[in-house]
Each structure stands twice: as structure tokens, then as C-alpha cells.
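Inspection log for the structure reproduced underneath, given as C-alpha cells.
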Amino acid sequence: MTWQLRIELVAALLVFATLAGLVWKARTGRAHRVRSGEQVDLLKLEAIKGGKPVTKFGRRATALQFSTEVCSQCRQTARLLGELENKHNDFLHLEVDVTNRLDLAAHFKVLQTPTTLLLDSNGRVKARIGGAPKPQVLQEELRKLEIKNV
Amino acid sequence: MSNSTTAGIDPRGPRFGAAITSVLLLITVFLGLGDATSTTAGFVLLLVLAALFAVGATLGVSNHPYAFIYKKLVRPRLAAPTELEDPRPPKFAQAVGLFVVSIGIVLYLAGFSYGVAIFAGAAFIAAFLNAAFAYCLGCQIYLGLKRLGVIRNA
């Protein structure tokens, strides 16, 4: 292989990786509408919050975040959703570690983490966000679920 | 999930390491595409990278040589980190890196010398995305691999 061709191939690899990164960055963290989404079963979820089992959804909306142990973006997402929860009484943030709950991962078809489901007041899935949610996306989705002054 | 069992690390550390790794992997690709002498040099560099990945995958990224460079030379020039990160995600990424470059090493030893360039290239993409875009392998592929039964724990 000539020097020139080798340099071209290395440059092509660099360009490909950059494009892949830009595409990933643009697509991750966006919300997708869920039509006639299921009603989440809190008993099956076994979510724990503040050391207690969660028995109620948020009054207007709930963000159900699926995480694993080896997910750095899950921490950032949990912090972001936690801040929103502190600001809004009607909004609940639940985080479920699916590292050892593959049944839940399979049931909700979670492949990447964080994956966040946005639920209405009845716990019905309205939207799904794969990857770390962009803050503007969250604001818009919460407005749709009637969380005011986001 | 709790961070209580493990001390947090500066999240910029692993990305600094990924930047060095991606440069070295790109050099490996270049060497791996050349003549026999050049490919052998690429193979040796890939062995070194595999050893570095093995350190990160077993001892954790905070005990990685790059972490010492980061602590000595880079971090003193930066502001304190705004948040600390769980060290398990980058440790998982190191294990994936080790796995990928090992395929290249095995293929080279089996007589397929382009294996060095191909698998160094694959590892480069992940390391570069991590360094430049904060792409996190643990977030993207860990759960999928676990659901497929490929891995059992972190």
C-alpha cells in the first residue's frame, strides 16, 4: 500500500468517526411520542425512592429512568431530573437500575441507558427518550404533560 | 444504584486518556496498512495498547498510567471538576477496548496481518467518540450485551 493511500485511509477513518459522532449527538436524547402506551405497573417495577417502595405516580407526570452500573450519563440524567423534581411538586422522578433486572429491560425494550419514559398522571407511557435527555427536550415534554413554568 | 461503594473520579480524566489512546490507535492503523516491517511495528504498538487497556480494565482507570499524567500535568491547570463520576463506566470501556484489540492481535498471530489495522480502527472509533463526543460504551452497549448473555457482570 502506498504512503498516500495509507494517509487517505487514516483520514477517511477520522472523517467517518467524526460523522458518526455528529449523527449520534444529534439523535441521542430526543423524545419520541408513544401512541397508546402501556400503563406502568409500579408493583412489577419495584422502584425504591428514599428507601421506600414507590406506590404512587407523580400527580401530573413521572419520569421513569432506566440505568445501569456502568453508565456515566445515567448519573447526569438523574441529577437533571432530580432538579426538575425539586422544582415541581407534580413531577416525580423514578430511577430503576436494570443491571440485575433484565426482565424489566426486556419488557420495556431497553437497549441503551439512560432510557427515560415519560408517564402521564395515570402512569401511562407518553414519550420515550433514549440517551441523556437534552434539557430543552425535557422542558417541552413536561409542558405537554401540563407541568407549568418549567 | 449508589456511588457510595466507589470513590468518584474526575470525568475529564478518562476522556483525556481516550484522546491519547485514539491518537496511538490511529498511528497503529497507519502502521498496520504498510509493509511487513511497518505492520510488525503496528502489532507491537497494539500489544502495548492491549497492556494499557488491561491495566484500566483490571485496576480501574484511576490506576492507569494516563491517570497519573492527567493528575500531574493536566488537572493542576484546570478548574476543579464540577462533578465526580463513577469509575465503573470507563473501566467497562477499557475491557471492551482490550477485547477489540485482542482480536487484532490474534488475527495477526494467525497470519492475517490486516487484522491489526482493522481492529485498531474499530477501537479507534470508540476511543475517539469518547474523547470528542463524550460517547460512553457502558451506556450504549452494556445492557444489550448483558441481555444477549454475552456478559454476566460489570
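Condition (residue is modelled with pLDDT of 95 or more, within 11 Å of chain A (Cβ to nearest Cβ) and not in a loop (DSSP other than H, G, I, E, B)) applied to segment B:71-90: is it met by at least one residue? Let's see the steps before the verdict.
In the first step, residues of segment B:71-90 are kept if they are modelled with pLDDT of 95 or more; the result is none.
Scanning segment B:71-90, I find no residue that is modelled with pLDDT of 95 or more, within 11 Å of chain A (Cβ to nearest Cβ) and not in a loop (DSSP other than H, G, I, E, B), so the answer is no.
In the list A:LEU119, A:LEU43, which residue meets the criterion of being under 21 Å from A:LYS148 (Cβ atoms) and more than 11 Å from every other protein chain (Cβ to nearest Cβ)?
On the way: A:LEU43 fails: under 21 Å from A:LYS148 (Cβ atoms).
The unique qualifying residue is A:LEU119.
Six or more apart or on different chains, Cβ under 6 Å: which pairs go from a residue in segment A:107-123 that's over 16 Å from A:ALA31 (Cβ atoms) to one that's aliphatic (A, V, I, L, M)? Could you list them?
Filtered contacts from segment A:107-123: A:THR113/B:LEU143; A:GLY123/A:VAL40.
Test of understanding: among A:LEU102, A:LEU118, which residue is of a type in the set (A, V, I, L, M, F, W, C) and within 25 Å of B:LEU137 (Cβ to Cβ)?
From the options A:LEU102, A:LEU118, the qualifying one is A:LEU102.
Of the residues B:ALA120, B:ALA19, B:ALA93, which single one is farther than 30 Å from A:SER67 by Cβ and either out of contact with any strand residue (DSSP E or B) (no Cβ under 9 Å at 6 or more places or on another chain) or within 11 Å of another protein chain (Cβ to nearest Cβ) (or both)?
Just a single option satisfies the conditions, and that option is B:ALA120.
Mind checking which residues of segment A:124-150 are part of a loop (DSSP other than H, G, I, E, B) and modelled with pLDDT of 95 or more? Working first, answer last.
Restricting attention to segment A:124-150, the residues satisfying the condition of being part of a loop (DSSP other than H, G, I, E, B) are A:131-134, A:145-150.
A:GLY131, A:ALA132, A:PRO133 - these are the residues of segment A:124-150 that are part of a loop (DSSP other than H, G, I, E, B) and modelled with pLDDT of 95 or more.
Scan segment B:50-65 and give yes if some residue there is modelled with pLDDT under 95, touching a Lys or Arg at 6+ places or on another chain (Cβ under 8 Å), over 19 Å from B:ALA126 (Cα atoms) and surrounded by 14 or more Cβ atoms within 10 Å (Cβ to Cβ), otherwise no.
No, the conditions are met nowhere in segment B:50-65.
In segment A:76-134, which residues are among the polar types (S, T, N, Q) and under 27 Å from B:LEU84 (Cα atoms)?
Within segment A:76-134, A:GLN76, A:THR77, A:ASN86, A:THR99, A:ASN100, A:GLN112, A:THR113, A:THR115, A:THR116 qualify.
Taking segment A:122-146 only, how many residues are of a type outside the set (D, E, K, R) and more than 14 Å from chain B (Cβ to nearest Cβ)? Quick ask: steps written out before the conclusion?
Of all residues in segment A:122-146, those of a type outside the set (D, E, K, R) come to A:122-123, A:125, A:127, A:129-133, A:135-139, A:142, A:145.
Applying the additional criterion that residues be more than 14 Å from chain B (Cβ to nearest Cβ) yields A:122-123, A:125, A:127, A:135-139, A:142, A:145.
Residues meeting the conditions: 11.
Name every residue in segment A:1-40 that is of a type outside the set (A, V, I, L, M, F, W, C), surrounded by 10 or more Cβ atoms within 10 Å (Cβ to Cβ) and more than 8 Å from chain B (Cβ to nearest Cβ), in order of residue number.
A:GLU8, A:ARG27, A:THR28, A:GLY29, A:ARG30, A:ARG33, A:GLY37, A:GLU38, A:GLN39
The values are calculated or read from the model by the stated rules, or taken from the named source; none is laboratory data. Quick caveat: nothing in here was measured; it's all calculated off a predicted structure. As a convention, Cβ positions derive from the backbone with ideal geometry for all residues, glycine included, and neighbour counts pool all protein chains shown.
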